[in-house]
1. Here are C:L119, C:L126, C:L131: which of them is assigned to a strand (DSSP E or B) and buried (at least 22 other Cβ atoms within 10 Å of the Cβ)?
2. Does A:R121 fit the bill of being surrounded by fewer than 23 Cβ atoms within 10 Å (Cβ to Cβ), at pLDDT 95 or above, in contact with a helix residue (DSSP H, G or I) (Cβ under 8 Å, 6 or more places away or on another chain) and away from chain C (no Cβ under 14 Å)?
3. Which residue is modelled with the lowest pLDDT, if the candidates are limited to the range A:285-342 and must be assigned to a loop (DSSP other than H, G, I, E, B) and open to solvent by 60 Å² or more (accessible area, probe 1.4 Å)?
4. Of everything in the range A:259-273 that's closer than 18 Å to A:A309 by Cα and either hydroxyl-bearing (S, T, Y) or not in a strand (DSSP E or B) (or both), which residue is modelled with the highest pLDDT?
5. Pick from the range B:278-291 the residues that are open to solvent by less than 30 Å² (accessible area, probe 1.4 Å) and in contact with a Gly (Cβ under 8 Å, 6 or more places away or on another chain): which of them is modelled with the lowest pLDDT?
6. Restricting the search to the range B:202-218, which residues are touching a residue at least 40 places away in the same chain (Cβ under 8 Å) and among the hydrophobic types (A, V, I, L, M, F, W, C)?
7. Looking at (1) touching a residue at least 60 places away in the same chain (Cβ under 8 Å); (2) under 22 Å from A:T170 (Cβ atoms), which is the one condition that is false for A:L306?
8. Scan the range C:306-317 for residues that are over 14 Å from C:R283 (Cα atoms) and open to solvent by 70 Å² or more (accessible area, probe 1.4 Å) and jot them down.
Amino acid sequence: MSRSWIPLALTAGAVLLVAGYPGRAEDASLTKVRSFEAKLEGLIARLSSSVVTVGAVVDDEDGLPIKSGGSGVIVDADGYVLTNDHVTEGQSEAQVGFSDGRVVTAHVVARDRQGDLALLRVEASGLVSATFGESEGLRPGQRVLAMGNPFGLAGDTHVPAATLGIVSATQRFIGGSKVYGEAIQIDAPVNPGNSGGPLFDLEGRLVGINGRISVRGASRHNVGVGYAIPLHQILLVLDDLKAGRDVERGYLGVRFLTQKQGEGVVVREVLPQTPASRAGLRAGDRILSVSGGGVGQRQITQPVRLQNALSILPAGTEVELDLERDGRKQTVKVRLGRRPVR
Amino acid sequence: MRAPVGGALVCGLAALVLAGWGARANPPASPDAALARILPAALERGAGCLVRIQGPTGRVRSGVAISASTVVTCLSTLDALGPDELSVHIGERRLPARLAGRDLRLRVVALEVEGAEPGSPLEPARPAAPGRLCLALGACFGEPTATFGMVSAVDRFQGRAYQVDAYVDAANYGGPCLDVEGKLLGLVVHVDDRLGERSGVAFAIPIQRVLAILPRLQAGEVLEPAWLGGRVPRLGGGEGVTLRSVAAGGPLARAGLEARDVIVSLGGRPTPTRQAFRDAQLDLVAGQRVELEFLRGGLRRKVVVTCARKPH
Amino acid sequence: MSRARVYALATVVAGAALLHSQEAAPPAPTLASAVARAAPGVVRVEVRGTRPRPNDRWQLFRSLRERPGAAGCVVGPGEVLTHASLVRYADPQFTVVDRAGERHPAELIRVSDDLELALLRVEGTLAATPLRFAPATPRPGELVVALGDPFLAARDAQPAASSGIVEGVLTLDAPEVAYRSDVILTDAAINPGSEGGALVDLQGRVLGVLAPLAEDRRTGTYAGYAVPIGALARFRARLARRATLGVVGKVNEGALKVERVLPGGPAAGVLLPGDRVLSLSGRALTSTAALRSALTKHEPGTQVELEVERGGAQRRVTLTLGSRQ
């Protein structure tokens, strides 16, 4: 009879092994976290070669080098570097520093001033371009990595710093002389010096360029609210910038209420001698959707969606507006003009 | 044949029970779920080395019990609490603490504590690379608090510190920075007010560096940054760095060096670039004697230089 | 069947059961799934008013540039819980903006300063999903997400999410913190506009209501915290507690006519027999029901503003509400 215990013991042992011992959950969690860390470490090591410092003054003999300047990202191995327009404002050249320590002079190829982008070109070999990702599908809560040179702390080494955070919201609109449309709001710490630097998803693909932050009180540092220009907007202008053509933001020429009043947006006023007036838009038209220019159709569920849609499209884009006029649906084609500079 | 049927029933029941157990013990399939389980445990484990330091007015700051009798904290703790009448809360007890040594390069301060019992041994973490996740602890609220972040860069702050993006403020300065296992990565230090508080840019001295200077701190030494008194140009290099100028009366001048001499090695470390020359000076302390090799007129020479303190 | 085969079969059954349990387990939660589950329960709360609330304890800590309004948590059908600091006016008028951008007028049910909570009722259909409640207080180190509207940047009323951990669960020592028990500290980014929003766990269940940043005396630094959601149950229990003005009177002709002032009561030294009380906290006392409704909005012990007509002239007085026995 003693032998009959052996298969029972073996069975019990096998089942216990599969089921797990009490500490299995925590061990498994630690393994999962360690592999996540290894993924982050690998990503940052790989992506560093595509992230550059722009215009940072190399530090001095002693003390903490807190200098001005910004960051940038290599978008083409031929030597094209993308950064914010405000990082290189008023300059035709900038010093670009690579993570291997090389410092090279770059010249500004073209700008999208209102969109806050500037394209630089460097003469250098062995450049690694960032891989482009997908910015329209970003989900709030999705983890992202911001890389750049906050406070110029990279100093002589030009090695970028990385911060981890999440997408706080998408479709953020910030008006002003530089318009951020369909911007990605993030909570990854972004400080002065990070401007122009890349925002990556956790597969290491470029999804945006960090450019603005909200600040609290008199401080100018991160409080957990940063904004990035989405890649899908950048792709609308990148070819023009590479060809040396400055880009301007699109302009329609209508006034509408920014408070929601039913579906779509009601045109309050069509400004004279504008693309809107030339296309025959009228006050009272209710704009329901915008499409064209290489981006998907945007349903105007709230007025800010129209502000967003118009602000990401460059001047010259032909768009189709689905609207409701006197109870009937119609589609109007408009070629966006140049946004008047304030 | 009752016995096998009975046995099968028992096994079936056991299978159901174990299936339930298995479901609860399911490994998490997302890093976030895994972190949610791991971090509280890491905090609990690593909080063993966290101590609260109190000044004469009752104001508190954080520190790390690095040995049975020594607590380390950062320089800003002394600025906030003063150097005298300090006490340390370890467990339920409040013990007097006496200022011992300081390292002005790393901004680390050691306090000797009387009457402390040996706690659990310190568990240093393996050195970090950017991407490593971490917790910055604080002792100022009476119970341990922690913020979560990632190592952003290494060899920062003149090559000495980890840069981390955890939100850190006066509650954390001087306290431990732990990894996800609760092991000690480093000591959080306050570096510059211009970086702001809770801005996502913070520094931690790697624990290996702190342990390396600990005996000198325990002996009460004050370690100041070494100054050599020579300027080298930013760009260029080759076999060594060329001295652009030498401060009169400075260590290099007193060792006989002159402008246009090419420094080839310092302390046995080759110095082909300004960065390498800087790196070679990192571990030097004011008052230290260090060997220097240089070229003049094609001839290689060796001298011993006595590092000085930086003049005001 | 031989014994060995029985046991082998049992092992297979056990293994299959375990495998099934692993597949049947819900997909592991992530920060993104937490946001997806909880965001439909967080709304924007706007407030307007003409006069500051008497004894508004958060007034001193608000920056001059802070715009009124912030966020709210949907805790039941048509019920929005927010932070008491939003009730900054003597005559507050609330609007709740849901995720579809629709604006709904909302009525204050009650505000409790010492619980730091205010409950609003929304008429009509709110495009929102009530939040689920976390069953227990979280442990320091657990992952959390803060949902609110920092800097009121959301032109489309979509709340913004920020991630972090539970920094600690402890009682704060700060002049602007009224909650005298343990609150949930977090390093998830909290800014003006976040308050009233939700702090949620990885399952998207609400752990607490976000409060404005507070400066703790022990550290001299800002702490982001949330009032634990368990306080809501205490809040609801208090709704039965009714405040009183401490007068005997009758409501007619659009006002409360004071007949007698109870000695030593809340109105002693403030109101006189013959006074006509026209409004309480901005609410016109046109009927007995209106008076009762106005009285429930505030907890006994809080200061309210009354518009009073005495001897033909109108004046404003403040009175500390008493407790109805």
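The values are calculated or read from the model by the stated rules, or taken from the named source; none is laboratory data. As the structure is a prediction and not an experimental result, all values here were calculated from the model. Glycine gets a Cβ as well: all are built from the backbone with ideal geometry, and neighbour counts include every protein chain shown. Ligands, DNA and RNA are stripped out before the accessible areas are found, and what is left, the full protein with its side chains, is counted by its heavy atoms. Shrake-Rupley method; radii C 1.70, N 1.55, O 1.52, S 1.80 Å.
1. It is C:L119.
2. Criteria not met by A:R121.
3. A:R342
4. A:G264
5. Per the criteria, the residue is B:L282.
6. B:A202, B:F203, B:A204, B:I205, B:I207, B:V210, B:L211, B:I213, B:L214, B:L217
7. (1)
8. C:G311, C:G312, C:Q314, C:R315
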